[in-house]
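Input: a single structure, listed below in structure tokens.
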Amino acid sequence: MITTQDLTKRYGKVEAVREVSLDVREGDRYGLLGPNGSGKSTLVRMLLGLVYATSGSISVLGEAVPRHVGRVLPQIGALIEEPAAYPHLSGRANLRLLDAAGPSTPHGSRRTRRRRVDDALEQVGLAGIDRRPVRAYSLGMRQRLGLAAALVRRPRLLILDEPTNGLDPRGIRDIRDLLISLNASGVTVFLSSHLLPEVSALCTRVGVLDSGALVLQEQLASLQAPTGRVLVSTDDPERAVAALDGLVEHRDGADLVVRFPDAAALNARLVAAGVPVRSLLVQRRSLEEIVLNVTGSGSDQFGAPATPDASTP
Amino acid sequence: MIAVELLKLSRRARTWFSVALMCALPLVVAIFIAVTHLAPPPGQGSAFLSAVLDDGQLYPAAALALVLPVFLPVAVAVVAGDSIAGEASAGTLRYLLARPVGRTRLLVAKLVAVITFTLIAVIAVTVTSYATGVLILGPSRAAAVGAPPGGLSGSITPGGGGAPTAGLQPGAAITSLSGTPLTTLHLAERVLGAMSFITVSMLGVAAIAIFLSTLTDSALGAALGALATLVGSEILVTLNAASTVQPYLPTRYWLAWIDFFRQPIFWRNIERGFGIQAVYVLVFLGAAWANFATRDITT
């Protein structure tokens with residue numbers, strides 16, 4: 001759906017994006033992670049033809065961007081940093097204007113366009129909005145409106161920059177559920193975020209951007225493959241340590257870290273030894289660990305030079 | 001996209017407020033003149049104003065002369081300066097372009113909206129001032145238009161372009177500036193001609209403001225930049241030392257529309273006025289397009 005080849009954007013001497021080779025596949029829920037100022041927004045803008053690359057190439061939905069951006073963009077819904085709307089108009093009026101502003105051949109009759117706007121508002125939980133102008137909206141409502149604007153055209157691909165910005169926990173969950181259900185109906189979702197929990201709860205595939213370079217790109221499931229350790233919690237840790245003889249790597253009160261590949265077999269062994277097992281958990285690396293591992297300390301430093309040996313695994 | 005831009009224009013309170021303001025100025029002037037019966041003597045003050053007490057039907061021409069120097073160009077510069085910069089600073093520009101709206105198409109739609117705004121303003125001023133003229137100043141009193149204001153005639157007809165001025169000519173309903181009578185139909189034609197010339201005269205300002213609007217994200221900056229250009233041009237137009245560049249200044253032929261009210265119409269400066277505006281539009285819209293089409297949208 002989205003591939004880039006050695007994409008680079010230089011502003012003067014600063015490299016905002018460095019040789020990024022992105023690979024987003026159809027059906028992905030792709031999360032682009034990176035600290036503020038790591039080049040996420042510049043990358044998103046290049047995908048949408050708003051910012052022109054210094055070098056490298058972009059292909060979105062099989063078409064070259066920016067050359068054929070007019071063919072690509074009608075199939076994309078986008079949220080580009082903060083949502084924006086004409087503050088003196090209502091949310092509905094804003095969506096109608098934006099919908100009408102699209103390609104010269106209007107999609108469908110007046111009535112179907114009207115319904116499309118209403119559907120998008122309903123999807124983001126703004127069905128009941130009145131005629132109040134957008135300037136009276138809360139931050140969360142503006143964010144929902146921005147998402148509705150991205151959804152009006154029923155896109156095949158969603159490119160969302162920080163989609164849950166400014167939303168309360170309930171709103172974050174609503175949007176996550178919405179994105180997952182859209183994805184289930186065939187929409188590919190590409191989102192950028194600096195919120196790790198958000199991405200790990202939503203995405204199937206992650207890329208990590210650090211100082212403009214893509215330092216990691218992998219399926220979340222394989223990143224979070226079991227580490228070969230099992231966390232065991234028991235009321236009788238002494239007996240467990242004795243039964244496991246040398247496999248216990250770490251003990252903290254009643255909690256043990258056991259080096260053992262198969263949790264079921266470990267459980268059987270503990271039960272056989274008469275250890276009362278309270279809980280058993282296969283250890284996985286957290287996304288946070290993974291990300292902190294591959295990123296340098298350059299957060300909030302726009303275009304700070306990355307370590308020269310940083311490479312895409 | 002043009003329809004969308006016109007809709008946006010019509011939904012902005014600023015649009016109607018500025019048109020109302022432009023209509024109010026001639027109304028206030030008319031009330032003062034009607035109450036005091038003190039029109040400026042021929043040759044002084046704004047064009048045509050000396051004649052309106054004698055014939056209220058001529059008031060649209062006087063009203064256009066009142067709004068032309070400042071009100072109209074300021075309003076046009078504000079609307080045109082806002083065109084791209086306003087969308088950029090509001091953040092809506094990136095969403096329009098991602099819709100997608102082609103950059104060239106967006107510029108064209110903005111230009112059409114600015115021209116429409118100018119036309120609406122000129123028509124509104126003409127219509128309201130005609131009503132004002134007839135209702136407040138009264139219909140024709142069998143008098144004639146006085147000589148064109150002295151301060152203007154020099155710059156309008158350089159080298160004595162063959163537009164003799166005449167004094168009052170009793171008997172004729174409406175008289176041209178040249179002294180020969182005009183029928184109401186003729187007058188309407190000439191008012192239409194003046195309206196279109198004034199609208200075209202604003203295109204140069206509009207093009208400069210749109211160009212500046214693609215350079216900056218500050219709508220105010222773009223509008224003021226265009227106005228500064230106009231003020232500079234006005235200063236050079238009256239400066240004898242700058243006579244070599246005067247034919248190329250954007251405001252040089254702004255007052256040529258007055259020549260529509262001569263008999264016969266004195267076309268030379270009108271044609272030059274159209275020509276110089278066309279040049280400004282081509283150059284600055286071309287520059288605006290070249291800049292906007294290749295620019296990174298980072299707002």
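Could you name every one of the strands (runs of 3 or more DSSP E) located completely within the range A:6-93 that has at least 1 residues being touching a helix residue (DSSP H, G or I) at 6+ places or on another chain (Cβ under 7 Å) and basic (Lys, Arg)?
Qualifying strands (runs of 3 or more DSSP E): A:29-33.
Let me confirm something: among B:102, B:81, B:86, B:91, which residue is within 12 Å of chain A (Cβ to nearest Cβ) and open to solvent by less than 10 Å² (accessible area, probe 1.4 Å)?
Step by step, each of B:102, B:81, B:86, B:91 is checked, and only B:91 is within 12 Å of chain A (Cβ to nearest Cβ) and open to solvent by less than 10 Å² (accessible area, probe 1.4 Å).
Tell me, yes or no, whether the range B:182-200 has at least one residue that is over 20 Å from residue B:266 (Cα atoms), open to solvent by less than 10 Å² (accessible area, probe 1.4 Å) and touching a residue at least 24 places away in the same chain (Cβ under 8 Å).
No - not one qualifying residue is present in the range B:182-200.
Is one or more of the residues making up the range B:46-69 open to solvent by 60 Å² or more (accessible area, probe 1.4 Å) and farther than 30 Å from residue A:50 by Cβ?
The answer is yes; a qualifying residue exists.
Got a number for residues in the range B:207-233 being surrounded by fewer than 19 Cβ atoms within 10 Å (Cβ to Cβ) and free of Cβ contacts under 8 Å to residues at least 40 places away in the same chain?
Residues meeting the conditions: 3.
So the check is Cβ under 7 Å with 6+ separation or different chains; which pairs have a first residue in the range B:107-134 that's buried (at least 18 other Cβ atoms within 10 Å of the Cβ) and a second one that's outside any helix (DSSP H, G or I)?
Final answer for the pair search is B:109/B:1; B:133/B:52.
Small (Gly, Ala, Ser) and either touching a Lys or Arg at 6+ places or on another chain (Cβ under 6 Å) or open to solvent by 50 Å² or more (accessible area, probe 1.4 Å) (or both): does that describe residue A:57?
Yes; evaluated as a whole, the condition is true for this residue.
How many residues are within 24 Å of residue B:85 (Cβ to Cβ) and touching a Lys or Arg at 6+ places or on another chain (Cβ under 8 Å) when one looks only at the range B:214-248?
So the answer is 2.
Out of the residues in the range A:15-44 that are within 13 Å of another protein chain (Cβ to nearest Cβ) and open to solvent by 10 Å² or more (accessible area, probe 1.4 Å), which is farthest from residue A:192 (Cα to Cα)?
So the residue we want is A:42.
Mind counting the residues in the range A:131-162 that are touching a helix residue (DSSP H, G or I) at 6+ places or on another chain (Cβ under 9 Å), farther than 19 Å from residue A:203 by Cα and outside any helix (DSSP H, G or I)?
Summing the residues that are touching a helix residue (DSSP H, G or I) at 6+ places or on another chain (Cβ under 9 Å), farther than 19 Å from residue A:203 by Cα and outside any helix (DSSP H, G or I) in the range A:131-162 gives 7.
Could you list, in sequence order, all residues of the range A:94-108 that are outside any loop (DSSP other than H, G, I, E, B), open to solvent by 30 Å² or more (accessible area, probe 1.4 Å) and either more than 8 Å from every other protein chain (Cβ to nearest Cβ) or at pLDDT 90 or above (or both)?
A:96, the sole residue that qualifies.
The values are calculated or read from the model by the stated rules, or taken from the named source; none is laboratory data. From a predicted model like this one, the values you see are computed outputs, not experimental measurements. Reconstructed Cβ throughout: ideal geometry from the backbone, glycine too, with neighbour counts over all protein chains shown. Accessible surface areas use protein heavy atoms only, side chains included; no ligands, DNA or RNA. Shrake-Rupley method; radii C 1.70, N 1.55, O 1.52, S 1.80 Å.
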